[in-house]
Each structure stands twice: as structure tokens, then as C-alpha cells.
Ligand code: KG4
Ligand code: ZN
């Protein structure tokens, strides 16, 4: 049986990922996977500075390529791979450009094709292909009769509901009109003076809070479409914090509130704010997803993206899926954040479907719709 082997590269935001995947028949094996996060560096500024991200990608991409070359045990990577899959967008332009340029250079030097991959496709496939509990082996076998599938993608840059009509066939049915869910988590975490990355830290604080302590708004929960909006929710949190501490000056761009997270109540107030905010986000995501299930009747529901690591979201989405009797697949925890394995998963399928480009025809694009990658 013919084997296909792909080198995959991801640099769209603040994680550098390089992986080697191989497909033989229906089985995909991750031969090597390396990810480096820049979280510690961006913690110093409280968020990702695109040029700093690009500089860090530039530093680590060579060593990561070397690492996967060793780990994959392919004697000669140049002759051992069929193509190079790379995230071409969407993302931070200077960051994307590092991965795309690395892929172009290798493709030129090794005379290999490039398989351009949309970042959100990667997140979709991290859940679609599932895993058998083992990190390294994915099975395509059962995934052919699962369409249409509906994907809820929640990351730092995107909140989307996407209908997947077949492999590599996408239709966006809803998305955020302002902040993404992860962005809202990160901004509210900053208001609560929690360190970067905000989402996981806010969720940790929320574990000790009362989820109904504050009746924060659920923006667009009843709107007649599948779009989202989270910026009003963030503002509602800001006003709640101000009411608690009116001496806080108005917040400018990039400024922090002077609100002390612990008002002498053992952190109970901020934990309650965190828990109530988290529940508002989860309620909106679940209600809209349920309505999309009712309308599109998918055979499979998928949850992926950085915020898919959120425990209450995973648990409550599972409960909803059980109630409406829809099978749910959630991306494995180690593939929720950005990584190159998910890019390689798409790369293998896209390669088989003829999405093959000459290095000269591949460029990074900060904003690009997923539909333009659809079969
Ligand atoms: O997919 P991802 O790694 O990067 C983008 O493509 O944007 O997602 C990162 C986002 C960040 O906003 C981060 O705060 C959020 O995912 N996140 C979480 C959790 N873990 C990561 N948000 C809420 N709860 C979590 N446990
Ligand atoms: Zn992502």
C-alpha cells in the first residue's frame, strides 16, 4: 500500500509547530511532533506582539525541524517526504510569514510541493480524526460516513460554527462579529489581573466561584442567526469591577484596571466574576450550537480550538449533545492549542485531493476565508 509522508509547519500565532505524519491506507501515524510555546515571552507584555512572535519563530524553527527529522527516524527527510504542509493563514502576518518562508525554501531546495492549509481547517481536523486515546495514531476509517458534521471552533482569534459537508468541504454558518471567545477570556483575565495566558488562568479561578453570582449578558443568544458577539460581555464585566471599586480610572487601550482581585474576601469576589463570565460564554456557545444542530441535523458535532480545553465547555457541550442524541468528538487536550499535527492531518488529505502548489505560488495571508480552501 502506498505511503504518504508529509512535513507540517505551523507558525500562525505564538506556537511554533513542526511535525511529520504518515498515512498508509486508513491509518495516520504521527512520526514526530514538536511544539514550542512563546507564552512565557508574551506574559511579559500581557499579550502577543506580532514582531516578537515572528522573531521567536525564526529562532526555534530550525532546531524544531532538526528535532522532528531525528525523531521521525526517516533516514533522509529530503527523499522521505512527499510534500510540505504549511499554515498560510489566517493569523499574525509576521508570524505566518516565518513558517511559509521556511516551507517555500525547503520546497525549492528539495523540489517538493507545498500543501497550503487554512489554520481553522487544522483545528477542525484535530477533532474530526479523533484519536484512539493514543496520541500518535489516528484512524480515517470511521470518518467517511460522518457528514454533514458541525464544528464549533473556539480559539483566541476565532469563534465559528462550520458545517462540514464532506472531507475538505466547508460552509461557515456563523462567526463572531467582534471579539472571539478566547479573546474575551484573555481580556477579562487581564481585567482581573491574571497573568497571560488569560483563558486557562481565568478558568482555574472560576473553579472556586459561584457561576450564578452575577447575571452577565448572553449577547446574541436569541438572535436569528448563528453569529456571536463577546465584546459587550467583556464591558459588562468591566462595569461590575468598577462598581466594586469606583476609584478605578477609565481603561485605555492596553491599560489594566486597578481593581485588586482580592477584596479581602479570600478572592471570592473575583472568583465569582470569573465563574459567572465563563458560564455566560459557555451558555451562548452551547445555545447557538444546539440551534444549529436543530437546523442542520449533523451526524457528528466537533469541538476544537484553544478554548476547547475549557472544562465546563467540554462537560456542558457533552451534556447537550447527549440530550439531542448527537455524537460529539472533542479535540484531544494536547491538540486543542496550536500545533503542526493538525496541519499535517489536513495536509495528508489535501495532498490526496490534489491541493498541491509550487513554492512560487504560496504566500502567507493574514485574513482568508476557509471556504476558499473548500473542495
Ligand atoms: O487555538 P489557540 O491555541 O490559538 C489561536 O488560534 O488563537 O487558542 C488560544 C486561546 C487563548 O485565547 C486562550 O486563552 C484560550 O485559547 N484558552 C482557554 C483555555 N485554554 C486556552 N480559554 C478558556 N479556558 C481554557 N481552559
Ligand atoms: Zn488556533
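Computed from the coordinates by the stated procedures, all read-outs in this text should not be read as laboratory data. Small disclaimer: the values here were computed from a predicted structure and weren't measured. When we count neighbours, we look across all protein chains shown, and the Cβ atoms used for this are built from the backbone with ideal geometry, even at glycine.
Data table
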quantity	calculated
Net length gained if the chain between residue 299 and residue 171 were fully extended (0.36 nm per residue, minus Cα distance)	44.5 nm
Most to least packed among 230-241, 209-220 [average Cβ atoms within 10 Å]	230-241, 209-220
Most to least packed among 14-25, 342-353 [average Cβ atoms within 10 Å]	342-353, 14-25
Per-peptide average of other Cβ atoms within 10 Å, ordering 64-77, 112-125 highest first	112-125, 64-77
Cα gyration tensor, the range 72-133 - rounded (a/c under 1.5), prolate or oblate	oblate
Relative contact order (%) - criterion: Cα under 8 Å, at least six apart; region: the range 1-90	37
Hull shadow area, averaged, the range 295-375 [alpha-carbon convex hull, nm²]	7.3
Tilt relative to the chain, helix 268-296 - C-alpha long axis, 0 to 90 degrees, to 10	50
Measure of compaction for the chain (Cα Rg per 2.2 N^0.38 Å)	1.00
Degrees, to the nearest 10: 341-352 long Cα axis against longest axis of the chain	40
Principal-axis tilt of helix 231-244 within the chain, Cα atoms, nearest 10 degrees	40
Pairwise label distance in nanometres, residue 79 with residue 111, each label 7 Å out on the Cα-Cβ vector	1.2
Shape of the range 170-239, Cα gyration tensor, a/c cut at 1.5	prolate
Diffusion coefficient, µm² s⁻¹, Stokes-Einstein with Kirkwood Rh over alpha-carbon pairs of the range 17-110 at 25 °C and 0.890 mPa s	169
Estimated [θ] at 222 nm from DSSP helical runs (n ≥ 4, -39500 (n - 2.57)) normalised by residues in the chain, nearest 500	-12500 deg cm²/dmol
Share, in percent, of DSSP beta bridges within the chain that are antiparallel, nearest 5	65
